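The values are calculated or read from the model by the stated rules, or taken from the named source; none is laboratory data. Predicted, not measured: the structure shown is a model, and the values here were computed from it. FYI the Cβ positions are ideal-geometry reconstructions off the backbone, even for glycines, and counts take in every protein chain you see.
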Amino acid sequence: MHALAQRIRSGEAIVAGCLSGTSADGIDVAFVRFEPRGERSERLGVPRLLAFDTRPFEPELGARLRAVLDGGRCGPREIALLDRDLGRAFGRAVADCARAHGLVPELVGSHGQTVYHHDGAEPSGPATLQLGDGDFVAEEARACTASDFRMRDVARGGEGAPISALADERIFHACPRPCAVLNLGGMANLTVLADGAPPLAFDTGPANSLLDGIAGILANAKEF
């Protein structure tokens, strides 16, 4: 792992990221290289996008996922199978996109599919659940895989969200400070970047999780 970390920091290794957001409208896959920051630096440089694709879910898997997100009954067996099958789907999406663009990723970051996230009213404390087992991602993508990003923060008393704020400082490094970055994912979240201060980030409310549903209703409606 140390050798891989060195290759990533030096800009030699290709890193893939894949996820399906709260709205579950497809599998996003991105491939990046990180600009080198010097031999002594332990921090990652600026990511440079090499390719990006969105792959649809297979209809049967998409229907199973939609049923869970819509509050359908789901026992341990169904959760285990969905966790496995989503992991396979994420890994295959990475492998398919890599072949299409002639890329060979050495590391995959897989966020997974959020099927539950506390709303702040849970009396026993925060809890979150993302499905898409990282081991199945690794086997399908044929690359080392990092996953389960939110749980450690929740275990330490954090909210586990918004997670996109972790990358905003790198991605928007050239923007004049102060600046605010609004991410319209399944849930919308805002990141405030200012010189001399750590990023401030918080959710602002539903975005694509509702917009996708409204668009589906309108697209299928006979009358507007």
For Gly109, which of the numbered conditions (1) in contact with a Lys or Arg (Cβ under 8 Å, 6 or more places away or on another chain); (2) under 28 Å from His2 (Cβ atoms) fails to hold? (1)
Strands (runs of 3 or more DSSP E) wholly inside the stretch 52-151 that include at least 2 residues being surrounded by 14 or more Cβ atoms within 10 Å (Cβ to Cβ) and either at pLDDT below 95 or in the same structural domain as Pro206 (by TED's automatic domain parsing) (or both): 107-117, 128-131
Tell me which residues, restricted to the stretch 5-27, are part of a strand (DSSP E or B) and at pLDDT 95 or above. Val15, Ala16, Gly17, Cys18, Ile27
State whether the residues of the stretch 14-26 include one that is without any contact (Cβ under 8 Å) to a residue 60 or more places away in the chain, crowded, with 20+ Cβ neighbours inside 10 Å and closer than 16 Å to Leu129 by Cα. no
I'm trying to understand the selection: among the residues of the stretch 114-139, which are under 16 Å from the mean Cα position of the chain (by Cα) and of a type in the set (Ser, Thr, Tyr)? Thr114, Tyr116, Thr128
Any idea which of (1) assigned to a loop (DSSP other than H, G, I, E, B); (2) surrounded by 12 or more Cβ atoms within 10 Å (Cβ to Cβ); (3) not charged (D, E, K, R) is the one Ala167 doesn't satisfy? (1)
Checking Asp148, Asp133, Asp195 in turn, the sole residue that is of a type in the set (D, E, K, R) and more than 24 Å from Asp85 (Cα to Cα) turns out to be Asp195
Residue pairs within 7 Å by beta carbon, gap of at least six or interchain, first lying in the stretch 153-167 and touching a residue at least 40 places away in the same chain (Cβ under 8 Å), second surrounded by 16 or more Cβ atoms within 10 Å (Cβ to Cβ) and of a type in the set (Asp, Glu), listed first then second, are Gly160/Asp153; Ala161/Asp203; Pro162/Asp203
Working only within the stretch 33-55, note down all residues that are within 19 Å of Gln113 (Cβ to Cβ) and touching a residue at least 40 places away in the same chain (Cβ under 8 Å). Asp53, Arg55
Of (1) of a type in the set (Lys, Arg); (2) surrounded by fewer than 16 Cβ atoms within 10 Å (Cβ to Cβ); (3) under 20 Å from Gly186 (Cα atoms), Arg48 satisfies all except one. Which? (3)
How many residues are within 14 Å of the chain's Cα centre (by Cα) and in a strand (DSSP E or B) when one looks only at the stretch 170-187? 3
Name the pairs whose Cβ atoms lie under 8 Å apart, with the first residue in the stretch 85-112 and in contact (Cβ under 8 Å) with a residue 12 or more places away in the chain, the second among the basic types (Lys, Arg), and 6 or more positions between them or separate chains? Asp85/Arg64; Ala93/Arg55; Ala95/Arg142; Asp96/Arg55; Cys97/Arg55; Glu106/Arg7
Kindly list the number of the only condition in (1) closer than 23 Å to Gly112 by Cβ; (2) touching a residue at least 24 places away in the same chain (Cβ under 8 Å); (3) not aromatic (Phe, Trp, Tyr) that fails for His173. (1)
Given (1) in contact (Cβ under 8 Å) with a residue 40 or more places away in the chain; (2) in contact with a Phe, Trp or Tyr (Cβ under 8 Å, 6 or more places away or on another chain); (3) among the aliphatic types (A, V, I, L, M); (4) under 18 Å from Gly185 (Cα atoms), identify the lone condition not met by Ala30. (1)
